[in-house]
């Protein structure tokens, strides 16, 4: 019995010893090797306050800040710390219900995890910020964080500057974790193209929290803090006063205006109509404003300056003349006996001028924009006896157009540029099953810049720069220099410093013939309305057919008004392309706009009578008549879909399934 009691005592001792050893090891692990509880303690006592950097500022050519920063506040939440918050009180301040509160909390957990701060309500109004700052102690897990926000003091250049928004999962993934949920990034415009320059680098300030969740001081006297590094500034060629004039002139119109410096490729102004105030896409109302803009059938968010694709119309004719001169198909003295139409093919091409002698030579044909003359020289170009085959003739013609910057993206420093179209043999083969000849495209209007030819306004302006420079161009771009001169800036800027020589075999004498004809356009031809005393303007008007399809029917609209020019002839400092949809002839809408732009840039002001002219044009409403009808139709469809969404649970299930992540 004594032996049994002794054995039992030994077993009990071993058990208690084992338990003690386990507790000792666990304590050692928790206190020495594991940082989990230390981290939890840190999370309870210390708040990592993100310091968002100021994004870089953008300046115009005269050093004026056209985009700047101000400070607003975000309300952020750390879900794991928000269990004891006064939910009803917070909902009352924010004007939301508990269902919306729960939805946002779930999104915060899903996007950023329970232990990291996520934006709960961004860009608070000053009134809302004041309310929250006073009572933030009632809401454990919530904090106010400063956010630099963009402001646009000139209320202009929305399509150029672009806007910023919260980085989504795709951006975060591509950045390999550099961006976090809640970080902002450039979405469009220069904000997007130069994101790596403008964004800066965020910092962190560790703040001590008291038992009422108030930030009461710096943790470890700031030794662990990291400073935010501001983004770098951009200096551009943009002239903000010229930009404001362009936006004024294109009000109540659909189209685009692009102005370039021919000697550098610097973009002096670019506007797309209809436009909008860039301040509408910043601040607390940005989501609501974006919704209105996105649902507008006139597409104010669409940058027609680089994306709009239009028939070039007669603005193409100086290029067609240079090609025919270089190929030896015409001389400066070549003319055409035009009586109002071209009858060289089965389908006549009508000419706007019928009086005798308006195309007795090349200069006259350019000045009076003779469709017959240019239809004839296109047919000669395609049927060029040197190539003995219209397929080779068309291919050679396309090579010329490509060299002039048409039919491909130029490379402007904005995202989403369109290429336009210069037709080749494959396009005609597809439509006509290989059975086509020079009359196919001549009768279709290719010789007068129509048929399958489409160009963007930036391409039109660049092509006219080539004529002004007699054979060279720089890729159009906004940014002249980047502050700081970092090595990675070289890749961004090098291509804009390279001078592109175009068709060097075309002599200056041939360019001079065409340029003389373009000066005659303003001095005595189709664009006399654009004349400015003391400034020799070289230009070309254009009028292009304009159609749209609505409810399955082709609607004929007023022609698009087109105009290209450069000035002064002796030393060009500005080249402009203007497209006004539904504007009529080139001299009706586009030419007066370009003339005002030239005068403003060269003289730095407008005469009194010209200010009145600018006001008249600004008040001219040329919006296509079908737009209200189309808007009503689109709004009705959306209203019906929303009705079904809210009334039909099966529709909701199908919608959620179709839009699942």
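The numbers here are math on the coordinates, done by the rules we state, and not lab data. In this text the structure is predicted, and so the values were computed from the model without any measurement. Cβ atoms come from the backbone with ideal geometry, glycine included; neighbour counts cover every protein chain shown.
Say a paramagnetic label sat at a point 7 Å from the Cα of residue 603, along Cα to Cβ; which residues of segment 224-259 have their backbone N under 18 Å from it? Within reach of a label on residue 603: 241-243, 245-246, 249.
Note on segment 159-213: the alpha carbon radius of gyration divided by the globular reference 2.2 N^0.38 Å gives 1.45.
Specify the inter-centroid distance of segment 108-129 and segment 217-278, based on alpha-carbon positions, in whole Å. Using only Cα atoms to place each centre, the spacing works out to 28 Å.
Does anything in segment 385-406 have its amide N under 20 Å from the 7 Å Cα→Cβ label point of residue 470, and if so which residues? Hits in segment 385-406 for residue 470 at 20 Å: 404.
Once fully extended, how much extra length lies between residue 432 and residue 9, figured as 0.36 nm per residue of separation less the alpha-carbon to alpha-carbon distance? Intermediate values should be presented prior to the final figure.
Values: separation 423, 0.36 × 423 = 152.28 nm, distance 10.50 nm.
My answer for the length gained is 141.8 nm.
From least to most packed, judged by other beta carbons within 10 angstrom and beginning with the fewest, 368, 137, 436 follow the order 137, 436, 368. Distance from the C-alpha centroid of segment 547-591 to that of segment 458-513: 24 Å, rounded to the whole angstrom.
Every helix of 4 or more DSSP H residues in the chain counts as -39500 (n - 2.57), and over all residues that averages to -12000 deg cm²/dmol at 222 nm.
The stretch between residue 425 and residue 528, if pulled fully straight at 0.36 nm per residue, gains 33.2 nm over its current Cα-Cα span. To the nearest 0.05, how large is the calculated FRET efficiency for residue 536 and residue 309 if R₀ is 35 Å and r is the Cβ-Cβ distance? Computed FRET efficiency for residue 536 and residue 309: 0.65. As a proxy for reagent exposure, 352, 270, 401 were ordered by neighbouring Cβ count within 10 angstrom, fewest first; the result is 352, 401, 270. Each peptide in 110-123, 570-583 was scored by the mean count of other Cβ atoms within 10 Å over its residues; highest first, the order is 570-583, 110-123.
Using R0 = 35 Å, the C-beta based FRET efficiency linking residue 498 and residue 196 works out to 0.95. Length available on full extension from residue 611 to residue 339: 0.36 nm per residue minus the Cα-Cα distance, which gives 93.9 nm. Based on alpha-carbon centroids, what's the gap between segment 410-454 and segment 168-184 in Å, whole number please? If we compute the Cα centre of each part, the gap is 41 Å.
Beyond 34 Å, what percent of the Cα pairs of the chain remain? Spell out each step's value before the answer.
Numbers: 122262 of 218130 pairs.
Percentage above 34 Å: 56.
Over all distinct Cα-Cα pairs of segment 365-408, the Kirkwood formula returns a hydrodynamic radius of 11.3 Å. The ranking of 154, 310 by Cβ neighbour count inside 10 Å, starting from the fewest, reads 154, 310.
Say R0 is 41 Å: what FRET efficiency, to the nearest 0.05, do residue 96 and residue 409 get from their beta-carbon distance? Before the final figure, lay out each step's value.
On the way: r = 45 Å, r/R0 = 1.09.
Computed FRET efficiency for residue 96 and residue 409 comes out at 0.35.
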